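Report on the following structure.
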Number of protein chains: 2
Amino acid sequence: MTAGQPRLEIEYCTRCRWLLRAGWTAQELLTTFTTELGEVALIPGTGGVFDIRIDGETVWSRAERGGFPELATLKQLVRDRIAPGRDLGHTDRR
Amino acid sequence: MTAGQPRLEIEYCTRCRWLLRAGWTAQELLTTFTTELGEVALIPGTGGVFDIRIDGETVWSRAERGGFPELATLKQLVRDRIAPGRDLGHTDRR
């Protein structure tokens, strides 16, 4: 990990079989934020968890939000934290 | 991450476009070692890197080995470090 670059965590419920969702989300974020993320960590959890954190701060929590993030929304939330001036292209203009 | 459980890192070269390979490897390892890994981190790198580490120790380095790990081999290498008594089923008997 490049020193000082943010760490994004995706904690997912293994019993709910959300690994593929978590893996897909990780790859989408790493595709969009290739040079802005230090790492994306996939963390097996339980109890219906699907939480996304940047440097320990919650960006999305399924328990709080009552569902999963729409990917464009999630990219905007991540952008606002790690690259606030960045234009996300069509994600910002739909 | 569950305290004390191992962290596995996959550092991949973004310019070589190895994200999909890294993401696939991460998901395969998390499928096999569901309860034995604390997390799998995907780390963007450069310069042709494809390195796999457990708690900082190198398990596979493309530069040293001259290529990518065959997945069954990689699972055995990971098993030997984090769950030495574990039978990997058909992976061990091919």
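Numbers for the structure displayed
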{"quantity": "Cα-based convex hull, the protein assembly as shown, per residue volume (Å³, whole number)", "calculated": "132"}
{"quantity": "Nearest-ten-degree value, helix B:19-32 long axis tilted from longest Cα axis of chain B", "calculated": "10"}
{"quantity": "Among B:Pro84, B:Pro69, B:Pro44: highest mean-square fluctuation, GNM of chain B, C-alpha pairs under 10 Å", "calculated": "B:Pro84"}
{"quantity": "The protein assembly as shown - charge dipole about Cα centre, Lys and Arg +1 at Cβ, Asp and Glu -1, debye rounded to 20", "calculated": "520"}
{"quantity": "Total accessible surface hidden between A and B, rounded to 100 Å², 1.4 Å probe", "calculated": "1500"}
{"quantity": "Two-site label geometry, B:Thr46 and A:Trp24: point separation in nm, points 7 Å out along Cα→Cβ", "calculated": "3.2"}
{"quantity": "Rounded tilt (10° steps) of B:71-82 against the dominant C-alpha axis of chain B", "calculated": "60"}
{"quantity": "Peptide A:34-42 - average C-beta neighbours from other chains (10 Å radius)", "calculated": "6"}
{"quantity": "10 Å Cβ neighbours from other chains, averaged over peptide A:21-28", "calculated": "4"}
{"quantity": "Helical contribution to [θ] at 222 nm, DSSP H n ≥ 4, -39,500 (n - 2.57), averaged over chain B, rounded to 500", "calculated": "-10000 deg cm²/dmol"}
{"quantity": "Where the Cα pairs of chain A fall when distances are cut into 5 Å bins, in %", "calculated": "3, 14, 26, 27, 18, 10, 3, 0"}
{"quantity": "Surface accessible to a 1.4 Å probe, per residue, for the residues of segment A:8-85, Å²", "calculated": "45"}
{"quantity": "Rounded percent of accessible protein surface that carbon and sulfur make up, the protein assembly as shown, 1.4 Å probe", "calculated": "46"}
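The values are calculated or read from the model by the stated rules, or taken from the named source; none is laboratory data. Please read all numbers here as calculations on a predicted model, not as lab measurements. Here Cβ is always computed from backbone atoms with ideal geometry, including for glycine, and neighbour counts include all displayed protein chains. With ligands, DNA and RNA removed, areas are computed over all heavy atoms of the protein, side chains included. Shrake-Rupley method; radii C 1.70, N 1.55, O 1.52, S 1.80 Å.
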